[in-house]
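The values are calculated or read from the model by the stated rules, or taken from the named source; none is laboratory data. Note that the structure is predicted; figures quoted are calculated from it, not measured. Here the Cβ positions follow ideal geometry from the backbone for every residue, glycine too, while neighbour counts run over all protein chains shown. Side chains included, ligands, DNA and RNA excluded: accessible areas come from the protein's heavy atoms. Shrake-Rupley method; radii C 1.70, N 1.55, O 1.52, S 1.80 Å.
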Amino acid sequence: MTTKITLNNIQTKDLQLAIIGLGYVGLPLAVEFGAHFPTSGFDINENRLQQLQSGHDNTREVTSTELANAKHLKYTSNDQDLSDTQVYIVTVPTPINEHNQPDLTPLIKASQTIAKTLKPGNIVIYESTVYPGATEEECVPVLEKISGLRFNRDFFCGYSPERINPGDKQHRVTTIKKVTSGSTPEVADIVDAIYNTIITAGTHKAASIKVAEAAKVIENTQRDLNIALINELALIFNKMGIDTEAVLEAAGTKWNFLPFRPGLVGGHCIGVDPYYLTHKAQAIGYHPEIILAGRRLNDGMGAYVVSQLLKTMMKRGIYIKDARVLVMGLTFKENCPDLRNTRVVDIVDELKEYGVNVDVYDPWVNKSEAQHEYEITPIEQPQQNTYDGIIIAVAHQQFVEMGAQTLHALGKSEHVLYDLKYILKQEEADLRL
């Protein structure tokens, strides 16, 4: 039996879509599709929906003008509003738990919501990062059980991994090449055609859903391991008294040297996705040594940064207990408000373990969100001549524009300035990673 959706439906814009989850991934997608197709933007967060309906996106991924241009986009938290949907696209988070195991709860709940209105001929496309096999092994049974429909007879699935880079204004959803796949060859063609209506960079049709899932999960695993290598090199060079950035600049003159830099590895992708792959590998009886070693090394960088700072402070006669340290930046990357899985919290927690008083300053973050997620309340503005130690943890443009003199002025007459992100020249900072 073939799906009721045809290429003609797509070409004539005679297609009803629903985006399930309106976060960093879902909203840009909903806005693009909503400019062409009747689209429902579904989210369980009522505050988020009210914000979007008022024409504002606090993730700063979509402008008010872009929201207004999505003429066919309607927002809802009522699953019954999805009853006319033909194509569902799932863009919910896929985090890990405290034991670094995949937490598929949002994905399962999204599948349960869809199953309530799923009809014969419908296609469900997943974009959330998962391990190879998760779509067909975890999500499809939920869809079948609740809907009473049969997979690849009554309804169909696709997988098209998200590649959103929060805060990046050059690489947007339409300008990043899209991997697509479907549960049958015909559905694969349909899914590919749907995305080609908005993706100007084109698509790559993968051989199967599992191939597409695997492709996504290794993209960030590769980055994680490359950063782990550079982090380990930084540890070695620091012991040797060699400036890591100077080494990387010299090595970077070779045409095929990869331009990775050391640092904290957080966020919703690089610090999470490898655990999805290692979970599946262990489930099938293989212990992934290199991937997990890279994860351990990257997860330990916060503690290393603190140890470097405190040793240098002690060498300068600064008493550690009750010292005041300013951590500049809390988001997981520069120039975006995304706090998900930020590893800056490792620095904050480690400093507190030593009895240090920590102030966190980040002009990009929502203070109530920071308090809710990490029990950290960022300060409004740091004061001059206040701190024994200063860590530039995130390279926000505001910090870059401050310059070395202004940054040092935040410290007491004797202080240590740690430039974790290389925004200053070597001689302008007391410490660099």
(message) Counting only protein heavy atoms and a 1.4 Å probe, tell me what percentage of region 117-210's accessible area is made up of carbon and sulfur.
(response) 50
(request) Would you calculate a helix-derived [θ] at 222 nm for the chain, using -39,500 (n - 2.57) for each DSSP H run of n ≥ 4 and dividing by the full residue count, to the nearest 500? (result) -11500 deg cm²/dmol
(message) Per residue, how large is the accessible surface of region 279-370? Use a 1.4 angstrom probe and give square angstrom.
(response) 46
(request) Could you work out how far the C-alpha centroid of region 194-250 sits from that of region 86-142, in angstrom? (result) 25
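Between SER54 and GLU137, what length in nm is gained on full extension when 0.36 nm per residue of separation is reduced by their alpha carbon distance? Walk me through the numbers before you get to the answer.
Values: separation 83, 0.36 × 83 = 29.88 nm, distance 3.91 nm.
Once the chain is fully extended between SER54 and GLU137, it gains 26.0 nm.
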(request) Determine the order of THR174, THR406 by accessible area, beginning with the largest, at a probe radius of 1.4 Å. (result) THR406, THR174
(request) Please list the non-local residues whose amide H lies under 5 Å from the amide H of VAL179, H modeled 1.01 Å from N, same-chain partners needing a gap of 5 or more. (result) HIS204
(request) Would you list, by chain and number, the lysines whose Cα falls below 23 Å from the Cα of LYS352, excluding same-chain residues fewer than 8 positions away? (result) LYS311, LYS315, LYS321, LYS333, LYS367, LYS412, LYS421
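Of the heavy-atom accessible surface of region 346-400 (probe 1.4 angstrom), what whole percent is carbon and sulfur?
So the carbon and sulfur contribution to the accessible surface is 38 percent.
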(request) Round to the nearest 0.05 the FRET efficiency obtained for GLU46 and SER307 when R0 = 60 Å and r is the Cβ-Cβ distance. (result) 0.85
(message) Distance between the C-alpha centers of region 256-307 and region 309-364? Whole Å please.
(response) 22
(request) Starting from the Cα of LYS109, draw a straight line to each of the lysines and keep only those under 23 Å, dropping any in the same chain fewer than 8 residues away. (result) LYS74, LYS119, LYS145, LYS210, LYS216, LYS280
(request) Collect residues whose amide H, placed 1.01 Å from N in the peptide plane, falls under 5 Å from the amide H of THR342; neighbours closer than 5 in sequence don't count. (result) GLY267
(message) How large is the convex hull of the C-alpha atoms of the chain per residue, in Å³?
(response) 150
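Determine the order of HIS36, HIS171 by accessible area, beginning with the largest, at a probe radius of 1.4 Å. Walk me through the numbers on the way to the answer.
Numbers: HIS36 75, HIS171 100 Å².
My answer, sorted largest first, is HIS171, HIS36.
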(request) Scan around ALA395 for amide H atoms under 5 Å from its own, H built in the peptide plane at 1.01 Å from N, and keep only partners 5 or more places away or cross-chain. (result) GLU334
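Pairs of alpha-carbon atoms within less than 8 angstrom and 6+ residues apart define the contacts here; what relative contact order does region 259-372 have, in percent?
Details: 130 pairs, mean separation 33.6, N = 114.
After rounding, I find 29 percent.
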(message) Just to check I understand the Karplus step: with θ = phi - 60° and J = 6.51 cos²θ - 1.76 cosθ + 1.60, what whole-Hz values come out for region 56-63, glycine and proline as x?
(response) 10, 10, 6, 7, 6, 7, 10, 7
(request) Using the heavy atoms of the protein chains and a 1.4 angstrom probe, tell me the accessible area per residue for region 126-212 in square angstrom. (result) 39
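Quick check on region 79-166: what does the Kirkwood estimate of hydrodynamic radius come out to from the alpha carbon pairs, in Å?
Numbers: mean 1/r = 0.0749 Å⁻¹.
Evaluated on region 79-166, it is 13.4 Å.
So for each of 74-86, 354-366 I average, over its residues, the number of other beta carbons within 10 Å; can you give me the resulting order with the highest mean first? Write out the running numbers ahead of the final one.
Working: 74-86: 15.4, 354-366: 18.7.
Top to bottom by mean Cβ count within 10 Å: 354-366, 74-86.
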(request) State, to one decimal in nm, how far the label point of THR184 lies from the label point of THR377, with both points 7 Å from Cα in the Cβ direction. (result) 5.9
(request) Pop a pseudo-label 7 angstrom from the Cα along the beta-carbon direction at both ALA250 and ARG316 and give the gap in nm to one decimal. (result) 2.7
(request) Considering only GLU373, GLU219, GLU136, give the residue with the highest GNM mean-square fluctuation for the chain, with springs between Cα atoms whenever their separation is below 10 Å. (result) GLU373
